[in-house]
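Here's the structure, in structure tokens; my notes come after.
The values are calculated or read from the model by the stated rules, or taken from the named source; none is laboratory data. These numbers come from a predicted model, not from an experiment. Here Cβ is always computed from backbone atoms with ideal geometry, including for glycine, and neighbour counts include all displayed protein chains.
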Amino acid sequence: MSSAAERASQRAIIVRRARLGDATAIHALASNEPSAASWPITAYQQFVAAAGEGPQLRALFVACPATPGARVGSIVGFLAASLVPGGPCEIENIAVLAAWRRSGVATRLLQSVSLWCRACAANHPAELWLEVRSGNAAALAFYQRMGFAVTGRRAAYYGDGEDALMLAARLRP
Ligand SMILES: CC(C)(COP(=O)(O)OP(=O)(O)OC[C@H]1O[C@@H](n2cnc3c(N)ncnc32)[C@H](O)[C@@H]1OP(=O)(O)O)[C@@H](O)C(=O)NCCC(=O)NCCS
């Protein structure tokens with residue numbers, strides 16, 4: 001069986017930084033995915049518009065089909081991350097369109113975040129952090145495959161009473 005990365009190259013995606021005009025498509029993707037964090041459209045716009053403002057740096061990446069005939073502006077996955085120089089990089093939200101899962105899209109998005117962290121120069125973070133619902137088996141399998149380990153649990157963290165698991169991965173130098 002081919003790896004997720006091999007399948008991603010077969011399905012020809014590109015990963016790039018989001019533009020303001022992508023916010024509607026990202027919001028629509030996230031809104032159809034109950035496991036993704038539920039953000040208003042303004043949160044995605046803010047990620048793009050204020051990426052380098054204040055002490056917190058933000059990056060919003062999107063994955064787009066690169067196949068001939070793909071609809072212009074279509075987005076099949078996104079990842080939002082932030083970091084305060086000197087601290088960890090936090091993965092704040094991620095989702096891949098159901099029809100594009102297990103194709104390496106999230107792997108490519110995470111690779112882009114790692115490169116972004118390194119580009120944040122001398123203060124690049126040593127770790128990636130995130131929180132995930134304890135019952136989100138697909139996300140847990142993905143993160144564990146990407147080298148994350150569980151570092152803690154927050155009881156009844158979500159509004160419906162589900163626990164959050166805290167995960168961390170070291171960024172390779
Ligand atoms: C979690 C999620 C982002 C993974 O995206 P993806 O593009 O399908 O992930 P990849 O194709 O890059 O997967 C890479 C590897 O992770 C593991 N993996 C990913 N999804 C998996 C699943 N459902 N079951 C088991 N392993 C899985 C596999 O090892 C996979 O490699 P393989 O396909 O060669 O076996 C996607 O399932 C999703 O959007 N879920 C809904 C939103 C969500 O839960 N967000 C997380 C909030 S914290």
Any hit, region 97-109, residues being in a helix (DSSP H, G or I) and under 19 Å from Tyr157 (Cβ atoms): no
Residues of region 128-145 that turn out to be surrounded by 13 or more Cβ atoms within 10 Å (Cβ to Cβ) and either in contact with an Asp or Glu (Cβ under 7 Å, 6 or more places away or on another chain) or of a type in the set (S, T, N, Q) (or both), as a count: 6
Tally of residues being closer than 23 Å to Pro34 by Cβ and either surrounded by fewer than 17 Cβ atoms within 10 Å (Cβ to Cβ) or out of contact with any Phe, Trp or Tyr (no Cβ under 8 Å at 6 or more places or on another chain) (or both) across region 86-103: 9
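Do we find that Val62 is in contact (Cβ under 8 Å) with a residue 40 or more places away in the chain and closer than 20 Å to Leu130 by Cα in this structure?
Yes, satisfied.
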Region 146-171: number of residues that are closer than 13 Å to Gly135 by Cα and either in contact with a His (Cβ under 8 Å, 6 or more places away or on another chain) or not in a strand (DSSP E or B) (or both): 8
Residue list for region 32-71, restricted to those being polar (S, T, N, Q), outside any loop (DSSP other than H, G, I, E, B) and surrounded by 14 or more Cβ atoms within 10 Å (Cβ to Cβ): Gln45, Gln46
From Gly161, Gly77, Gly135, Gly152, residue being closer than 29 Å to Arg19 by Cα and modelled with pLDDT of 90 or more: Gly77
Cβ-Cβ under 8 Å pairs, at least 6 apart or on other chains, region 11-23 side farther than 14 Å from Ala63 by Cβ, far side surrounded by 21 or more Cβ atoms within 10 Å (Cβ to Cβ): Ala23/Tyr44
